[in-house]
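Shown next, in structure tokens, is the structure this report addresses.
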Amino acid sequence: MPDAVSTGPEVVQPTSASDDVLRVEHLSKRFGPVTALRDISLHLRKGEVLGLLGDNGAGKSTLIKILSGFQKQDSGQMFLHGQPYEPKGVDDARSKGIDTVYQDLALIDELSVYHNLFLRRELVHKPLPFLANREMKLQARKALDEIGINIPRIDVAVARLSGGQRQAIAVARTVNGDADIILLDEPLAAMGAKEGSMILDLVARLKEEGKVSIIMILHNYVHVLQACDRVSMIQEGVIALDKPTAETSVEELTDIVVNEYRRAREETHAAAAAHAGAEGLL
Amino acid sequence: MPPLRGEDGLLSRVLALREGSIIVVTVVVAIYFALNTSSFFTSANFKTLLPYFAPFAILGAGEVFVMILGEIDLSIGGTYLLAPYLFYKLSSTVGLPLVPAVIVALIACMAVGLINGFFTAIVGISSFVVTLGMLFALEGLTLVISHGEPVETPGAQVHATTREVTHVVNGVQIHLPEQVNHISTFAKIFGAGIYSELIWALVIVIVLQVVLTFTRWGLHTVAVGSNKLGAGEAGVHVKLVMIRNFVLCATAGGLVGILEAVRSSSVQPDTAGANEILFYGISAAVIGGTLLAGGSGTVVGALIGALFLGILKDGLILQGVNANYLLLYLGLSIIIAMTVNVYVQRVRRGSHSA
């Protein structure tokens, strides 16, 4: 009878470099009986765009949430510019230069484009507590122009904008916030080719400027190879691949996933067989 | 849908406001009563109208801040009932001067809001359940400390003095004694002056509308109500925003309780009355255009919603509606007026997108 206990994918030893801005060592995270992250180690170099791949439920979003200070890991360490990095919350992470664009975008539908851009960083007429709306509009317009996002009206509620425009605003918010590490959680989800290329152009422009380093969760391998310098693949809570995009291909990435599915199916069958065997003994 | 009077017409501009439709409905109701009863459009009646709506406007204003979050606060009926008794105890038993006694009583209401906020935002119990429990608990507490008996409101008693007034009758001077009633400055400010509650209501509504529209507090309130998770991810202190608004709302309930106690110069342990006041306050906010589902709301709308309720009740009484029928008609009128409101709102949306 085959061993029914999961062996899981092979863990790849993480690479590292001298110009790492962020390093993560042996992170784990459980939610009750569910293990989201088993043993995650990865690193991010200055000015680099790192693509994160992985199946649904592999732990990508959990990893992003821990990096951004929204959740806390159970064990493992993180280092930012070589110093221990233990964010106390989203604000704390942001003040240390790590900002996140979540899958749900964290945009407030009821609020205008410029209020969304400045959410939590609103300008006020000091010492009075009143919002400096005119100043925020000017700065918002300037920031959007600088990174080449075309939003005709910035005083309309974001509920009225298209998916691509909303994503662009969410990205612009992090860039506007002087982050030097930006985490993008599926920036191309539910987006047409035209809008998707607008976001990839935006990422390429940020890379060219070289000021920010980016970790980006993607689903499409072509996008990964096009937009990223390096790719890490997460499977069942561990890193199963870590390579520069120049050294890998759509075929290799596909093979890993196909093998993963094959192994998962065999495990399911083995478990079913073991179960049937156990019942037969009764 | 074509614009009603062109883009810049007065009606279209009123309708473009969030409060637009309720303004129109309130004006229509006022015109109806003005045409059908001779005594509606008189200054004497406007003075009668004031206590019918000013307290509800203040309660509604506080409630708007909680309802924009998608929550509700039923405990304002409790702070409404408890605060004047605390004020009485602090003044007559503890011996605090009047104004400090009011302030300490309001601080106690803030503590109630803090507890509501704690259980809703941090423990994660539904605000309906938390504040319903708090409502019963505070009403019970009030009955316990008051022994179910009404007391005289400190500083609100009317003093009558007699003075000699000289009249000239048929060329002969005669002196007659005349009684003059005095109320203290404290009482005039805290509810007993004719316009006192109106001024409190207007100041509170204006200040809170400014807070809602022009400060980070208001912006974050809308953000949490519109997308709680997203606001948290963006770094908004969701729990702090929620607790702060519950504190504000409970305090508004306590303030109205004290104003009403001073106005009527007695403190009544009337739990049924407190529950009615609570529902008028929430109705004012809802009628004014604040969504029960959260994400959007207006304080000025709550004022107009309260005015609508006041005009409706006052107008029905002036029309000589039998007391037994009053609540029935009031209830039906609210439903009819709100149905009209929905249609006016559709017109408003239409003109908005045109």
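Coordinate-derived values only; no laboratory data. Here the structure is a predicted model, which is why all the values come from computation and not from measurement. Glycine gets a Cβ as well: all are built from the backbone with ideal geometry, and neighbour counts include every protein chain shown.
In this model, which of B:89/B:239; A:60/A:88; A:96/A:243 are farther than 22 Å apart at the alpha-carbon? In this structure, B:89/B:239; A:96/A:243 exceed 22 Å between Cα atoms. Kirkwood analysis of segment B:238-286, using all unique Cα-Cα pairs, places the hydrodynamic radius at 12.2 Å. With a simple spin-label model that places each label point 7 Å from the Cα along the Cα-to-Cβ direction, the separation between residue B:276 and residue A:56 comes to 5.6 nm. For segment B:170-180, the Karplus equation 6.51 cos²θ - 1.76 cosθ + 1.60, evaluated at θ = phi - 60°, returns couplings of 6, x, 10, 7, 10, 10, 10, x, 10, 8, 10 Hz by residue, with Gly and Pro reported as x.
Put simply, segment A:197-273 fits an ellipsoid with semi-axes of 32, 12, 11 Å; these come from the alpha carbon gyration tensor as the roots of five times its eigenvalues, largest first. For the peptide B:224-232, the mean number of other protein chain Cβ atoms found within 10 angstrom of a residue's Cβ is 5. Using the Karplus relation 6.51 cos²θ - 1.76 cosθ + 1.60 with θ = phi - 60°, the per-residue 3J(HN,Hα) values for segment B:117-125 come to x, 4, 5, 7, 7, 9, 6, x, 8 Hz, with x marking Gly and Pro.
Figure legend: label point modelled 7 angstrom from the Cα of residue B:28 along Cα→Cβ; residues of segment B:286-315 with amide N under 19 Å from it are B:286-290, B:301-302, B:304-315. Within the listed set B:52, B:80, B:32, the Gaussian network model of chain B (springs between alpha-carbon atoms below 10 Å) gives the highest mean-square fluctuation for B:32.
Overall shape of segment A:11-107 was characterised from the C-alpha gyration tensor. The equivalent ellipsoid obtained from it has semi-axes of 19, 17, 14 Å, in decreasing order.
Each label point was placed 7 Å from the Cα along the Cα-to-Cβ direction; for residue A:16 and residue B:35 their separation is 8.4 nm. Each of B:93, B:261, B:340 was placed along the dipole of chain B (beta-carbon charges, centred on the mean Cα), and the one lying farthest toward the positive end is B:340.
Ratio of Rg to Rh for chain B: 1.03 [Cα atoms; Kirkwood radius as inverse mean 1/r over pairs]. Residue by residue along A:102-108, Cβ atoms of other protein chains within 10 Å of the local Cβ number 6 on average.
With a Förster radius of 35 Å applied to the beta-carbon distance between residue B:94 and residue B:118, the computed FRET efficiency rounds to 0.85. Here the simple spin-label model places points 7 Å from the Cα toward Cβ, and for residue B:332 and residue A:276 these points are separated by 7.2 nm. The share of Cα pairs per 10 Å bin across segment B:61-193, counted from zero up to the longest distance, runs 11, 29, 25, 16, 8, 7, 4, 1, 0 percent.
The per residue volume of the convex hull around the alpha-carbon atoms of chain A is 162 Å³. Across segment B:135-246, the volume of the C-alpha convex hull divided among the residues equals 194 Å³ per residue.
Among beta bridges identified by DSSP and lying wholly in the protein assembly as shown, the antiparallel ones come to about 65 percent. The magnitude of the dipole of chain B, with charges of +1 and -1 set on the Cβ of Lys/Arg and Asp/Glu and taken from the Cα centre, is near 760 debye. Here the residues B:109, A:228, B:249, ranked from fewest to most Cβ neighbours within 10 Å of their Cβ, fall in the order A:228, B:109, B:249.
Under the shape rule built on the C-alpha gyration tensor, where the axes satisfy a ≥ b ≥ c, segment A:116-234 is prolate, since a/c reaches at least 1.5 and a/b is greater than b/c.
Among B:108, B:337, B:44, the largest mean-square fluctuation in a Gaussian network model of chain B, built with springs joining Cα atoms closer than 10 Å, belongs to B:44.
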